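Each remark here refers to the structure printed beneath this line.
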């Protein structure tokens, strides 16, 4: 009786309430950690650099990393199921240079853009088929997609192809300004991609299935969930996002290049993990991935402001990645103990 009374008092105390809230929302802990890191970095930068203007810097980060944000959305879907997609950088390069080539040959932009998205979806579907029906590990299957897309990019052209189509360049050249902030159509595309993905994961049956597959695929099958369709769909979504990112990057740089996106798949995975998505699957949020992209972009900006070598970007991101992997392991252990 005394023990029961003590438990009730503990639950009613602020500490007990905090622990109860934490146990119910433990999957949000890495996201809160990413937000805290972003806030600390912003505060430190504003204190150390007198010319650091928050509104312009964050607007610039979105402008410079819109393609990475689109890639991170697709990668979030894949990692939530416990998979991985190493092809996104190569697919982005292939669709980007093919889009530049088609526009240079006189193909209307209204035809070229949907075609690039469909090509990205097709490569994603190929990877999904290899994973689901041929039991190929996602690492190997996506590696096949990476080599295929990179090879096709070199088939299109060995050199850079400049874009002169006003319709595509409009996506980057146009700026909408308000109260010191600004955004381009490419930034709007990236934010819309995040919003749509967040809605799908939170409010649709497909989104709940994605989480269930990543949490425990066997249990999801026993519950009668469409596991096969979900696993195929996440790779198609990743391919669509890679194709869209190719268009965004081509508009941003004004040219297509077969070596674009080398190593970008690793940056994308890093941003998603820093944003709180578990590599083992089943837990994570698109909003967290967006925060991870802003953390990554802010690191690059601060290093550029300080005049240090850009190699420190990799070192810093690697350190953060290690930190968040450790946090993830702690979360997984706590979840296992609570069961």
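Structural remarks
- Residue match in the range 165-185 (condition: surrounded by fewer than 12 Cβ atoms within 10 Å (Cβ to Cβ) and over 20 Å from residue 63 (Cα atoms)): no
- Filter pass, residue 27 being touching a strand residue (DSSP E or B) at 6+ places or on another chain (Cβ under 9 Å) and modelled with pLDDT under 95: no
- Residue 194 vs. criteria surrounded by fewer than 22 Cβ atoms within 10 Å (Cβ to Cβ), free of Cβ contacts under 8 Å to residues at least 12 places away in the same chain and within 26 Å of residue 62 (Cβ to Cβ): no
- Residue match in the range 236-250 (condition: in contact with a strand residue (DSSP E or B) (Cβ under 7 Å, 6 or more places away or on another chain) and either more than 16 Å from residue 87 (Cα to Cα) or modelled with pLDDT of 95 or more (or both)): yes
- Residues in the range 36-79 that are at pLDDT below 90 and surrounded by 18 or more Cβ atoms within 10 Å (Cβ to Cβ): 37 only.
- Any hit, the range 235-255, residues being outside any helix (DSSP H, G or I), more than 14 Å from the chain's Cα centre (by Cα), in contact (Cβ under 8 Å) with a residue 24 or more places away in the chain and loosely packed, with under 15 Cβ neighbours inside 10 Å: no
- Condition check for residue 220: touching a helix residue (DSSP H, G or I) at 6+ places or on another chain (Cβ under 7 Å), part of a helix (DSSP H, G or I), crowded, with 19+ Cβ neighbours inside 10 Å and touching a residue at least 40 places away in the same chain (Cβ under 8 Å): no
- The set of residues in the range 175-206 being assigned to a helix (DSSP H, G or I) and farther than 22 Å from residue 293 by Cα consists of 203, 205, 206.
- Top-ranked residue in the range 223-234 [being out of contact with any helix residue (DSSP H, G or I) (no Cβ under 6 Å at 6 or more places or on another chain) and in a loop (DSSP other than H, G, I, E, B); ranked as surrounded by the fewest Cβ atoms within 10 Å (Cβ to Cβ)]: 224
- Inter-residue pairs, beta-carbon under 9 Å, first modelled with pLDDT of 90 or more and in the range 169-183, second surrounded by 13 or more Cβ atoms within 10 Å (Cβ to Cβ) and assigned to a strand (DSSP E or B), 6+ apart: 175/182; 175/183; 176/182; 176/183; 177/183
The values are calculated or read from the model by the stated rules, or taken from the named source; none is laboratory data. Computed from a prediction, not measured in an experiment: that's the story for all the values here. Counting neighbours? That spans all protein chains shown, and the Cβs are built from the backbone with ideal geometry, glycine included.
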